[in-house]
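Here's the structure, in structure tokens; my notes come after.
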Amino acid sequence: MYREYPTFRPEEILEYGRKSQFDDPLLTVEEQLEKHEKILDEYAMRHFGGSIPAGNKYKEIGSGETLKNRIEINKVLRRIERPEIRGVLVVDVQRLSRGSLKDAGKLIELFQYSNTYVITPTKIYDIRDEYDREAFERELKRGHEYLEYYKKIQARGKLASVREGNYVGSVAPFGFDRVKKPYPDGKRHYWTLKEKPEEAGIVRAIFDWYCNEGLSTSNICRRLGQMGVRTKNGKLKWSPMMIEKILGNVHYIGKVRWNWRKVIKIIKDQEVKVLRPQAKVGEYLIFEGKHNGLISEELYDRAQEISGSAPRKQLDLALRNALAGIIFCKCGYAMVHTSFSPRPTPPKLKCTYQRICKTGSVDYQEIIERVCSSIRESIEDFEIRVVNNQSDSVKLHKSLIDSLERKLKNLKEQEVLQWQAQTDPNPDKRMPPEIFKTLNEKLLIEKAELEDALSEAYESLPEPIDYKEKIIKFTEALEAVENPDVSVEDKNRYLKDIIERIEYERGTNIMVTKNNYKELGMAKPTRGMEWYAPPFKIDVFLK
Ligand SMILES: [Zn+2]
């Protein structure tokens, strides 16, 4: 079905932006909104023949889930009542409301009765039209369904159930069976864990080997394989990751846990609220379980100590990579922080697409140091520029303008001379009119060209850069990154303030063998796997 939509002028449109929880979590609100604004600007240029006036742009910085809590949308909704406003431009319909159906209904009513179009880069909605209204409603509801999903989790009372000490997972951890038990009222049931003797012994052995015999996780795998012990899924192949999970599983000390990272929302006073669980240990909320554990808390704690995952400071729970959102692999994908935990291997940054691009990962500390030295070099460079007073490009530009000005002044003087020569009181001394005409025409053309060049030069005069201010900013960032007491989030913020993007490049790691160790400049490999990591390179793009 084809529909004709009217054409709009930029000043008839209001632009509205809002970051939603489903956007890229690595971007700040400002960065996300800027990204959307770019998309909308392009759209406006193409379809409205110009950009939306700044006074018509609204950006929600806060994150109210309902209309009432969002300040900017209410300004938009007030303004669409005015006849000169004909449309609202958004990246997608859900920016307008992710809230309740009641909010959706209110929006539809407002757009419908104010004859306001909702414009997205993919579709224009004329809310007065039945088909468009339905499509608009459908889109709004899609956003609403996400919320419904979270509410359901809460309604099922999973968290409440964990709090009580029940086991809410659908599969029991290795070493346990999942059993159903009745509440005293006999009507309702809950699930809990019960020791599964043939597996429980293995769990105890794993903790014992790890804590008392000092076996590594891969050695434990080998031993289990040799003993013919099968995994939960009946396989003979054990991986170090599976052992690590067992060693860090609180169910073995009679506790239950709730992954607090799952978004938990509740409805209270007709508003959607985010529930913020308090007692955090690692990524989990931990509660006393109704089941009996398999090992002592003391042994469990020792395992955490050995693996380096003993209760972490709250700082670590959030951002772990100060370069998040800044550093990218040469293949274009982001580099992510990985520590292969809980073994105490030094953290690394790795391309999310490493499987395909084969770029070797890099030691986190090493790359941070490299970035710091690059910042240090920039500061030195700025200091030199401060001493030389001005940046080279500004200087060059100024001298160009000066020479143009001089030429123009010359031409003007010549012009005066020409006129004087043509109007000399003594007719014999006058310049013949045809010669004057040719010369004067030539001069006027030259003058016009010079004036053009000059005004262009003035327009493109680069903004003088305040290097003193830059030095302060860069020094602050450097101090923040090198200060262990500054949180990773703050480090990240400082770096984002001065660095646009870092591109990382490194070849594939090569396994060291008897045949190649010399040429790689490595020691002769003994046993096990040793790897040679080729040197890496970074390109730092400053702001
Ligand atoms: Zn890559």
Check: Hey, rough spin-label estimate for Asp490 and Asp129, points 7 angstrom out along Cα→Cβ, what's it come to in nanometres?
Finding: 5.5 nm
Check: Using all Cα-Cα distances in the range 392-459, what percent lands in each 10 angstrom bin from 0 up to the longest?
Finding: 19, 38, 23, 14, 5, 1
Margin query: Please rank Leu411, Leu77, fewest neighbouring Cβ atoms within 10 Å first, as an exposure proxy.
Written below: Leu411, Leu77
Next item on the list: Show the residues, 5+ positions off or on another chain, whose built amide H is closer than 5 Å to the amide H of Ala172.
Entry: Arg178
Checklist line | Rounded FRET efficiency, nearest 0.05, which uses the C-beta distance separating Ile510 from Thr352 and R0 of 30 Å | finding: 0.85
Note to self: Beyond a 21 Å Cα-Cα separation, which of these cross-linked pairs lie in this structure: Lys348/Lys491; Lys19/Lys496; Lys194/Lys237; Lys358/Lys524; Lys330/Lys524?
What the structure shows: Lys194/Lys237; Lys358/Lys524; Lys330/Lys524
Checklist line | Ordering of 108-118, 47-57 by packing [mean C-beta count within 10 Å, highest first] | finding: 108-118, 47-57
Checklist line | Distance (nanometres) between label positions extended 7 Å along Cα→Cβ at Lys468 and Lys59 | finding: 3.0 nm
Margin query: Under 17 Å between alpha carbons, and skipping anything fewer than 8 positions from Lys398 in its own chain: which lysines qualify?
Written below: Lys407, Lys409
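Please compute the Kirkwood hydrodynamic radius over the range 176-260, one decimal place, Å, based on all pairs of different Cα atoms.
Result for the range 176-260, one decimal place: 14.5 Å.
Quick check: residue separation of Tyr458 and Ile401 times 0.36 nm, minus the Cα distance between them. What number comes out in nm? Could you put the intermediate results ahead of the total?
Details: separation 57, 0.36 × 57 = 20.52 nm, distance 0.73 nm.
Taking Tyr458 through Ile401 to full extension adds about 19.8 nm, to one decimal.
We did not get these values from a lab; they are worked out from the coordinates using the rules stated. Because the structure is predicted, anything quoted here is derived from the model rather than measured. All Cβ positions, glycine included, derive from the backbone under ideal geometry; neighbour counts span all protein chains shown.
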